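Visitor: I'd like to ask some things about the structure below.
The values are calculated or read from the model by the stated rules, or taken from the named source; none is laboratory data. For clarity, every value in this text was computed on a predicted model and none was experimentally measured. Counting neighbours? That spans all protein chains shown, and the Cβs are built from the backbone with ideal geometry, glycine included.
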Amino acid sequence: MMAGNSLFDLRQLEAYAAVISTGSVTGAAKVIGKSQPVVTRLIQDLEADVGFPLFARHGRRITPTQNGSLFYREVERLLADAHRTRQRAADLSHRQIGSVALAATATMAASIVPRALKGLRDQGYAPKEIVLRSQTSEEVIQSVAARQADIGIASLPLDHPALEVQWIAEASCVCVLHEDDPLAALDVIDLSALAGRPIITLLNPYRVLGRISAALHDIEPESVIRTNSSTTALNMVSAGLGVAILEPVSPIGQRFANTVVRPLSVSIPYYWGIVTPVGLPESPIIQPLVEALITASQMDMPGFRIRDVRETESILKNIFTAPE
């Protein structure tokens with residue numbers, strides 16, 4: 001059993017993560033450059049430290065136990081932080097702009113972030129390492145608050161005492177149709193035109209889905225497909241499975257084959273923002289990256305406008321109200 005405040009041995013954690021990743025002690029030994037007996041001993045010592053078995057043995061096969069799988073999530077974060085600490089130390093030693101860690105929702109990671117990183121490079125900023133974690137909005141908040149990421153970009157709400165909101169924007173949700181859909185000939189889509197049709201939309205009632213659902217309250221669709229991924233929804237439209245009501249960043253930032261994007265006759269607001277940890281001394285790369293993310297966000301989206309961060313509280317009060 002692990003004593004008191006004893007720290008984990010990183011060699012043990014690295015061996016454990018390697019076994020999980022490769023599925024075998026043999027594979028792990030090759031990955032980390034140690035012999036199989038050494039890897040086996042490191043795993044045994046780690047199991048003795050944590051006080052529970054990490055793997056179930058079935059002859060030569062090993063599989064993670066339930067506790068082992070749960071523990072791996074924590075180990076993955078610890079090893080990522082350890083790697084980042086090593087990189088920061090090297091940066092300080094060589095007085096370089098070194099690594100930067102971003103946390104972003106899948107929507108932002110696939111559209112705004114690549115544009116921002118390209119803009120950053122064009123300005124002459126070249127971090128030695130960029131780490132981009134694609135996460136849910138809730139996970140982005142936690143990653144930045146825990147200082148596992150230097151900067152985050154996600155949909156509102158972003159309120160957390162450990163975060164500083166750098167910037168907020170608003171744009172209107174859009175309708176995405178297959179290019180052969182008769183409605184694609186229209187410049188603006190009225191929600192009433194979607195009655196009796198299969199509709200594709202997003203999960204998470206505490207964010208944009210709440211506003212989309214309120215707008216569609218009086219519309220009776222043929223069927224509804226809900227997904228937690230805008231990219232998946234766009235692929236479904238491309239395959240002819242229905243009409244999607246989505247946040248505007250993905251459809252406009254990523255052009256999908258066989259689809260067209262149209263504004264809606266009613267405004268369904270979508271809010272997103274950029275956050276950094278409170279009180280953390282900034283790397284020289286952070287402010288240029290914030291500015292690059294802001295520039296990359298300003299695509300041709302209906303209803304786009306920059307909101308004052310001092311309006312955050314009033315935005316949150318109205319974030320789930322039905323559109324007018």
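Visitor: Need the failing condition index for residue 279 against (1) crowded, with 20+ Cβ neighbours inside 10 Å; (2) without any contact (Cβ under 8 Å) to a residue 60 or more places away in the chain; (3) within 20 Å of residue 147 (Cα to Cα), just the number.
Guide: (1)
Visitor: Mind counting the residues in region 1-20 that are at pLDDT below 85 and either touching a Cys at 6+ places or on another chain (Cβ under 6 Å) or among the small types (Gly, Ala, Ser) (or both)?
Guide: Number satisfying all stated conditions: 3.
Visitor: Tally time: how many residues in region 37-62 are surrounded by fewer than 12 Cβ atoms within 10 Å (Cβ to Cβ) and of a type in the set (Val, Ile, Thr)?
Guide: Counting residues in region 37-62 that are surrounded by fewer than 12 Cβ atoms within 10 Å (Cβ to Cβ) and of a type in the set (Val, Ile, Thr) gives 0.
Visitor: Determine whether residue 250 is among the hydroxyl-bearing types (Ser, Thr, Tyr), surrounded by 21 or more Cβ atoms within 10 Å (Cβ to Cβ) and not in a loop (DSSP other than H, G, I, E, B).
Guide: Against the criterion (among the hydroxyl-bearing types (Ser, Thr, Tyr), surrounded by 21 or more Cβ atoms within 10 Å (Cβ to Cβ) and not in a loop (DSSP other than H, G, I, E, B)), residue 250 qualifies.
Visitor: Kindly check whether there is at least one residue in region 132-139 that is buried (at least 17 other Cβ atoms within 10 Å of the Cβ) and of a type in the set (Gly, Ala, Ser).
Guide: Yes, the conditions are met somewhere in region 132-139.
Visitor: Looking at 260, 275, 290, can you tell me which residue is β-branched (Val, Ile, Thr) and within 19 Å of residue 199 (Cα to Cα)?
Guide: The match here is 260.
Visitor: Quick one: residue 34 ticks every box in (1) assigned to a helix (DSSP H, G or I); (2) surrounded by 14 or more Cβ atoms within 10 Å (Cβ to Cβ); (3) of a type outside the set (A, V, I, L, M, F, W, C) bar one, so which box is it?
Guide: (1)
Visitor: Inside region 37-63, can you point out the residues that are in a loop (DSSP other than H, G, I, E, B), out of contact with any helix residue (DSSP H, G or I) (no Cβ under 7 Å at 6 or more places or on another chain) and free of Cβ contacts under 8 Å to residues at least 40 places away in the same chain?
Guide: Selection gives 59, 60.
Visitor: Restricting to region 95-131, and then to whatever is under 30 Å from residue 203 (Cα atoms) and of a type in the set (Gly, Ala, Ser), can you tell me which residue is surrounded by the fewest Cβ atoms within 10 Å (Cβ to Cβ)?
Guide: Selected residue: 106.
Visitor: Moving on. Where in region 90-179 are the strands (runs of 3 or more DSSP E), entirely inside, with at least 1 residues that are over 25 Å from residue 238 (Cβ atoms)?
Guide: Counting at least 1 such residues, we get 99-104, 129-134, 151-155, 163-172.
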